[in-house]
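Notes follow once the structure below has been shown.
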Amino acid sequence: MKRTIRKSKLNKAVFILLIISILLNIFLVASWANNNARKQEYFIYNLNQKLYELNLAINKQKENDWQDPQVLINQIEKIRVVIVDSVITNNFASSVLNDGEKEMLRRIFNFLEPLPKTDLFEVEEWDEADTEYIIRIGKVLSLSNYTTNSFPKQNWNTIVKQWEQLDKSLAIEFNQ
């Protein structure tokens, strides 16, 4: 009789430990999924949205006869900073990117590199060649659906497909 009591207590303890273990695993998986979703949102709001804004700024500057290229320089700098932080220096969100996505973002960065930069003390001059280059960038952004008329549902797969299209379009436009 004592053995059956011990076995039943042991079975209850094992059962309770099993339930606790399952609940902890569910919690860990949910936390991991939530963390990945936050990392993906980082790219939605800090990179993809900035690409839309860059194309809007390009179109606005075209309408205004390129009177304030500083707007474009600022927008390009925001995109560069996000790519450098996430791909080159590996910020918290970079772990959501696979190696192919990181390489793709590096190539996109490289296409923005020839344009004037700004830092704390100095802004590079904007010239006619920059205007011609940014018009081509705007064309590629439009071809890659970075327009107000084609704002797709913002989920990870859509964003990665847009990056792929942008990467391919940039390579075609600039013959690389």
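The values are calculated or read from the model by the stated rules, or taken from the named source; none is laboratory data. In this text, all values refer to a predicted model and were calculated from it rather than measured experimentally. Methodologically, a virtual Cβ is constructed for each residue, glycine included, from the backbone with ideal geometry; neighbour enumeration extends over all protein chains shown.
Kindly check whether there is at least one residue in the stretch 41-61 that is modelled with pLDDT under 85 and among the small types (Gly, Ala, Ser).
Within the stretch 41-61, not a single residue is modelled with pLDDT under 85 and among the small types (Gly, Ala, Ser).
Which of the residues spanning the stretch 42-61 are free of Cβ contacts under 8 Å to residues at least 24 places away in the same chain and within 8 Å of the chain's Cα centre (by Cα)?
45
Might you let me know whether the stretch 155-170 holds any residue that is assigned to a loop (DSSP other than H, G, I, E, B) and surrounded by fewer than 18 Cβ atoms within 10 Å (Cβ to Cβ)?
Yes.
If you take the residues in the stretch 75-96 that are at pLDDT below 90 and either outside any helix (DSSP H, G or I) or of a type in the set (S, T, N, Q) (or both), which one is surrounded by the most Cβ atoms within 10 Å (Cβ to Cβ)?
86
Taking only the stretch 56-70 into account, find how many residues are more than 11 Å from residue 118 (Cα to Cα) and not in a loop (DSSP other than H, G, I, E, B).
Looking only at that region, the number is 8.
Can you name the residue in the stretch 62-74 that is touching a residue at least 12 places away in the same chain (Cβ under 8 Å) and out of contact with any strand residue (DSSP E or B) (no Cβ under 8 Å at 6 or more places or on another chain) and, of all such residues, is surrounded by the fewest Cβ atoms within 10 Å (Cβ to Cβ)?
Applying the filter and picking the extreme gives 62.
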